[in-house]
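**Student:** Just passing along the structure, written as structure tokens.
The values are calculated or read from the model by the stated rules, or taken from the named source; none is laboratory data. From a predicted model like this one, the values you see are computed outputs, not experimental measurements. So basically every Cβ, Gly included, is an ideal-geometry build from the backbone, and we count neighbours across all protein chains shown. The protein model used for the area step is the full one, side chains on, heavy atoms only, and it has no ligands, DNA or RNA in it. Shrake-Rupley method; radii C 1.70, N 1.55, O 1.52, S 1.80 Å.
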Amino acid sequence: MSPSDAVTHPPVRVLFVSHTFPPEGRPLSSVGGMQRVATDLHEALLQHPEVTVSTRVLRSSWRWIYLRTPPYLARLYRHIEGLARRGEIDVVLFSSVIPAVLVSFPLHRTLRECGVRTAAVAHGDDVTFSLGPYQRRLRRVFDGLDAVVSVSRATGRACTDRGLDPARLHVIPNGIREDRFPEADPESASRGDRLAALDASARRLEDDAFLLCSVGRQVPRKGFAWFVDEVMPTLPDQVHYWLAGSGPQTGEIRAAASRRGLDERLRLLGPVTEEHLGLLYRNSDLFIMPNIAVPGTMEGFGVVMLEAGSCGLPTIASRLEGIQDVISESQNGHLVTSGCADGFRRAIMRYVEDRSILEAVRGRAVEHTRRFRWPVVAESYVELMRSLARGSRATG
């Protein structure tokens, strides 16, 4: 944009709406890809010179979010209506489809009359959520939104399958903060000693141990229990698997490990801090994303693969849904047919048997991930909102 353009077109006034922010000072009480993307996108937009951002977010732990969301939405409705009638905003950006479904539809006529445009970010589960009344309302909301930002092509298809006009669909990937996991100072300690901060048993890791890791909510579609049950028993004893996160399948994962005699090779770390997450990424050999298809839910993107890649950790992942927009073959990892245990085994064994190839792939993973830096991704959002605002002024 030239200086004259900056004078001609004032900053776009954006109201950023999200119901997925963690409580202040308690980031681990509400953590996940959607939550992280919302907070990072918000921060990137705040730093952009061509938008002015006002914010309306709900900060809540997972435990209380269902109780706190209804009163938040009621206040949000009144707040958006007031801003629109006073002419104080150009665009409302919902960080997920959920608040758009619950708030934007009843406000649609008012926002149109006031020349305010609306956009929502579609992640995956917020589109495929199978509750009947939600799906019926979703179709009507898609008719009213001026734009839907899909984080992947797969999520975009889920939107158009539910009635979204393809002309209103904009695919913009999730981003990564390059400074999220700074490189640690060189240490003389062994990898086991470094990882002892996560699990004291790490000090017993053999020198030839090959460490796989996964990060995420332990639910069926993530495929963690399947991987432990079907893939880990086919790998050599020096291959270990560490999982960060928690969820309803934790017990099933632990039971699979016991059944398969893997108690010494599997570690369930539970939720971990940012510092410890970086430690896990930087001291593992491969990141594993073994998703399986589950009706009514989907992997819309998989920002953890970007986090791993930013730390030089290649990914072996299922060729499924939005994962395919993150992994470029032999650049930051490899895609394997979902549910194919032998495919995962062969992809992993390639590196176990020849670890010298890991270093080259590590460097390519870091370079590939730079394409997803938040300043680059945020620019695409700003371009979209600038276009929406221009359309509003042209018809106002």
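**Student:** Sort all Cα-Cα distances of region 64-214 into consecutive 10 angstrom bins from zero, then give the percent of pairs in each bin up to the one containing the longest distance.
**Tutor:** Answer for region 64-214: a P(r) of 10, 29, 23, 14, 14, 10, 1 percent.
**Student:** List, largest first, the extents of the alpha carbons of region 321-377 along their principal axes, each in whole Å.
**Tutor:** Result, largest extent first: 38, 29, 11 Å.
**Student:** Here's a follow-up. How many Å² of accessible area per residue for the chain, probe 1.4 Å?
**Tutor:** Here the per-residue accessible area is 44 Å².
**Student:** If you average 1/r across every pair of different Cα atoms in region 237-396 and take the reciprocal, what Kirkwood value do you get, in Å?
**Tutor:** Radius from the Kirkwood sum: 17.7 Å.
**Student:** Take the eigenvalues of the Cα gyration tensor for region 155-296, scale each by 5, and report the square roots as semi-axes in whole Å, largest first.
**Tutor:** Whole-Å semi-axes of the equivalent ellipsoid: 32, 22, 12.
**Student:** If each DSSP helix of 4+ residues adds -39,500 (n - 2.57) and the sum is divided by the residues in the chain, what number results at 222 nm, nearest 500 deg cm²/dmol?
**Tutor:** -12500 deg cm²/dmol
**Student:** If you don't mind, another one. What Rg and what Dmax come out for the chain when only alpha-carbon atoms are used, in angstroms?
**Tutor:** For the chain, the Cα radius of gyration and maximum Cα-Cα distance read 22.2, 69 Å.
**Student:** I'd like to compare 377-387, 353-363: which one has the highest average count of other Cβ atoms within 10 Å, and what's the full order after that?
**Tutor:** 377-387, 353-363
**Student:** Provide the three semi-axes, in whole Å and in decreasing order, of the ellipsoid equivalent to region 277-334 as defined by the square roots of 5 times the Cα gyration tensor eigenvalues.
**Tutor:** That gives 20, 12, 9 Å for the three semi-axes.
**Student:** According to the square roots a ≥ b ≥ c of the eigenvalues of the Cα gyration tensor, what is the shape class of region 94-137, taking rounded for a/c under 1.5, prolate for a/b larger than b/c otherwise, and oblate for the remainder?
**Tutor:** Oblate shape, in that a/c is at least 1.5 and b/c is the bigger or equal ratio.
**Student:** What percentage of the solvent-accessible surface of the chain, computed with a 1.4 Å probe over protein heavy atoms, is contributed by carbon and sulfur atoms?
**Tutor:** 50 percent
**Student:** Note down the nm distance, to one decimal, between modelled labels 7 Å out along Cα→Cβ at Glu274 and at Tyr77.
**Tutor:** Placing both labels 7 Å beyond Cα along the Cβ direction yields 3.6 nm.
**Student:** Moving on to the next point. Give me the net charge for the shell around Ala257: Cβ to Cβ below 13 angstrom, other residues only, Lys and Arg +1, Asp and Glu -1.
**Tutor:** 0
**Student:** Would you mind checking the tilt of helix 65-85 against the longest principal axis of the Cα atoms of the chain, expressed as 0 to 90 degrees and rounded to 10?
**Tutor:** The angle comes out at about 30 degrees.
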